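The values are calculated or read from the model by the stated rules, or taken from the named source; none is laboratory data. Treat the numbers as computed from the prediction; the structure is a model and nothing was measured. Note that we place each Cβ from the backbone using ideal geometry, even for glycine, and neighbour counts take in every protein chain shown.
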Amino acid sequence: MSHVYIDLPDAPSIDGLQFRQFAGDSDYPEMARVMNVISEHEGVTALWNAHTAALFDSWIHDFDPPRDRLMAEIGGQLIGVAKVQSERQLDGKRIYSLSCNVIPQWRGKGIEPAILRHNESRLRQIATRQPLDGERVFHSWGVAGNNTQLEAALREMQYQPIRYAYQMVRPNLENIPHAPLPSGVQVRPVREEDLRKIWDANREAFRDHWGFVEPPEGAFETWVKNTDWNRELTRVAWAGDEVVGMVLIFVPQSHNERASKKRAETESICVRRPWRKQGIARALIAQCLHAIRDAGFDEAALGVDTQNPNGALKLYEQMGYRPVQRYTRFEKKME
């Protein structure tokens with residue numbers, strides 16, 4: 001296949017190092033491999049495959065993969081991937097996000113600063129097409145605590161930490177707390193005809209979370225196609241015909257093919273505002289832990305914003321989850 005190569009003028013002098021545009025679907029398998037190598041180094045869920053990589057891209061509004069992705073190769077072997085995207089938050093703030101994912105053995109050699117500067121340049125191009133209708137900032141995606149090289153590059157470019165998250169793991173499925181649902185709330189099987197209602201409730205519940213952005217048109221259709229989502233193990237709480245809250249179960253096949261312990265992801269944990277502080281999230285997590293244990297899994301994992309105002313971190317610790325990696329998001333004003 002013919003690739004479109006890009007000259008990064010401040011790239012380090014490394015024999016065989018080249019940067020190129022994303023080439024389409026044929027790049028997803030190798031991109032997934034790189035992301036799984038990085039995930040394993042960070043000690044977190046290696047969830048990537050070609051399908052999930054393409055799925056996540058399809059969520060992004062106004063995304064031009066050949067120009068908004070960057071591929072780094074050495075001797076024709078993919079060693080890094082990067083991405084940019086722009087979003088507008090509910091408060092009008094425009095977020096220009098950039099990532100820089102380099103496999104561990106090539107970190108700290110000057111590749112990260114070159115990619116970050118390229119990303120900023122591309123994001124400035126995107127910004128010129130958009131109205132000056134609010135604050136504009138660059139954001140990094142979460143940087144793992146053991147990725148000191150990327151953190152140093154961001155700090156050198158005047159980025160400052162603004163938010164922290166954990167990936168957490170419950171290393172066994174023993175001693176699951178007893179946590180009943182309140183009266184009038186019950187769990188029902190996930191039915192095809194209820195999917196839109198579940199989606200809408202999920203988006204509503206997350207609207208008051210930090211950094212929420214309205215999903216683009218077509219996101220619902222993409223969401224229902226996620227092959228890692230296990231609807232049988234998922235738990236959705238209802239009060240009459242109203243969705244109250246949920247815990248969705250995702251089975252990371254790529255991770256489980258490599259790991260000694262079979263993992264399930266307990267994610268999209270949310271309760272709609274009128275139903276909070278009644279123990280619903282705790283009860284749904286407990287039900288999910290029982291369900292995945294009975295299905296033959298060994299452990300559970302989730303991600304959490306450590307500054308979540310609803311006490312999510314404390315709840316997850318009470319339910320037996322422990323942090324395995326910290327992620328920091330960095331910000332810089334776009335001048």
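Does Gln105 count as in a helix (DSSP H, G or I), out of contact with any strand residue (DSSP E or B) (no Cβ under 6 Å at 6 or more places or on another chain) and not basic (Lys, Arg)? So Gln105 fits the description; yes. Taking the criterion of being in a loop (DSSP other than H, G, I, E, B), surrounded by fewer than 16 Cβ atoms within 10 Å (Cβ to Cβ) and of a type in the set (D, E, K, R), the residues of the range 214-259 that qualify are Glu214, Glu217, Lys225, Asp241. Looking across the range 304-335, the residues that are among the aliphatic types (A, V, I, L, M) and in a helix (DSSP H, G or I) come down to Ala312, Leu313, Leu315. Only residues that are in contact with a strand residue (DSSP E or B) (Cβ under 8 Å, 6 or more places away or on another chain), closer than 19 Å to Tyr327 by Cβ and of a type outside the set (A, V, I, L, M, F, W, C) were counted across the range 255-309, and they come to 10.
Reported count of residues in the range 24-55, each being at pLDDT 95 or above and of a type in the set (A, V, I, L, M, F, W, C), is 7. Asp64 meets the stated requirement of being surrounded by fewer than 16 Cβ atoms within 10 Å (Cβ to Cβ), farther than 27 Å from Pro323 by Cβ and of a type in the set (Asp, Glu). Contact annotation: residue pairs with Cβ atoms under 6 Å, 6 or more positions apart or on different chains, pairing a residue in the range 73-89 that is over 14 Å from Ile14 (Cβ atoms) with a partner that is of a type in the set (Asp, Glu) and modelled with pLDDT of 95 or more, are Leu78/Glu30; Val84/Asp68.
For the range 176-198, state whether one or more residues are of a type in the set (D, E, K, R), assigned to a loop (DSSP other than H, G, I, E, B) and within 26 Å of Arg322 (Cα to Cα). No - not one qualifying residue is present in the range 176-198.
When Val190, Val213, Val185 are screened for being in the same structural domain as Gln278 (by TED's automatic domain parsing), touching an Asp or Glu at 6+ places or on another chain (Cβ under 7 Å) and not aromatic (Phe, Trp, Tyr), only Val213 passes. Residues in the range 110-164 that are surrounded by 19 or more Cβ atoms within 10 Å (Cβ to Cβ) and hydrophobic (A, V, I, L, M, F, W, C): Ile111, Ala114, Ile115, Leu116, Leu123, Phe138, Val143, Ala144, Leu150, Ala153, Leu154.
Looking at the range 176-195, which of the residues that are of a type outside the set (Val, Ile, Thr) and within 15 Å of Leu248 (Cβ to Cβ) is surrounded by the most Cβ atoms within 10 Å (Cβ to Cβ)? Before you say what the answer is, go through the steps one by one.
Kept after step one, since they are of a type outside the set (Val, Ile, Thr), are these residues of the range 176-195: 177-184, 186, 188-189, 191-195.
Pick out the ones that are also within 15 Å of Leu248 (Cβ to Cβ) and you get 188-189, 191, 194-195.
Working: Arg188: 11, Pro189: 10, Arg191: 11, Asp194: 16, Leu195: 14.
So the residue we want is Asp194.
Is at least one residue of the range 259-272 among the small types (Gly, Ala, Ser) and farther than 22 Å from Val236 by Cα?
Of the range 259-272, the ones among the small types (Gly, Ala, Ser) are 259-260, 264, 268.
Imposing the further condition that a residue be farther than 22 Å from Val236 by Cα reduces the set to 259-260.
Yes, the range 259-272 contains at least one residue that is among the small types (Gly, Ala, Ser) and farther than 22 Å from Val236 by Cα.
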